[in-house]
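Undergrad: Before I ask anything, let me first share the structure, which is written out below as structure tokens.
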Amino acid sequence: MKQKILIFLAAVLTIVVFSAESFARVEWDVQQKLKMDTPPVDVAVSTDGKWIFVLNDSGNILIYSSKGKLEDKMSVGSHVDQIRVGPKDNLLLLSSRKNKTVEVLAIDFIHKINISGSPFKGPVDAPVVIAVFSDFQ
């Protein structure tokens, strides 16, 4: 009987010792803070991590770079209460509980290319510029 009690106490002691050490320590550090004029409602991050989309209570989606710089703003309406990134980075899913809808929004990022000083043919103030990179093979 004493042997059973000693085995039971050893088992309990083992469980107590190992369970006390089973909690992991977590260290954390705030990498950046996005300061906004209006309260955020929802946040989504592109799958490649390049863009942070913040839906605010004014019905705007604020688009931040991964470095925290505000790049652009889109007005989607105050009925939208949730955003998600779609299966591709250029799709945003906007849901509205009020309207019982989900909108699939395709977005494209327009990048400006500095062509000043580049050779050109035609009028200087042409509305379209075609850049040909002929030195690449």
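Undergrad: For a label point 7 angstrom out from the Cα of LYS98 toward its Cβ, which stretches of the range 29-46 have the backbone nitrogen within less than 14 Å?
TA: Inside the label zone: 41.
Undergrad: Run the count for the range 36-137, please: Lys pairs, Cα-Cα under 28 angstrom, 8 or more apart or on different chains.
TA: 17
Undergrad: While we're on this one: Can you put ARG84, ARG25 in order of Cβ neighbours within 10 angstrom, beginning with the fewest?
TA: ARG25, ARG84
Undergrad: Would you order TRP51, TRP28 from fewest to most other beta-carbon atoms within 10 Å of each residue's own beta-carbon?
TA: Working: TRP51 20, TRP28 5.
By the 10 Å Cβ count, ascending, the order reads TRP28, TRP51.
Undergrad: Of all DSSP beta bridges located in the range 36-137, what percent are antiparallel, nearest 5?
TA: Values: 25 of 25 bridges.
Here the antiparallel bridges make up roughly 100 percent for the range 36-137.
Undergrad: Enumerate the amide H contacts of ASP72 below 5 Å, restricted to partners 5 or more residues apart or on another chain; note that Pro and chain-start residues carry no placed amide H.
TA: ILE63
Undergrad: Can you give me the Cα centroid spacing of the range 104-137 and the range 35-96 in angstrom?
TA: So the separation of the two Cα centres works out to 28 Å.
Undergrad: About the Cα centre, and with charges only on the beta carbon of Lys, Arg (+1) and Asp, Glu (-1), how big is the dipole of the range 36-137? Nearest 20 debye, please.
TA: 140
Bear in mind that the values in this text are calculations on the coordinates, not laboratory data. Model, not experiment: these values are computed from the prediction. Note that we place each Cβ from the backbone using ideal geometry, even for glycine, and neighbour counts take in every protein chain shown.
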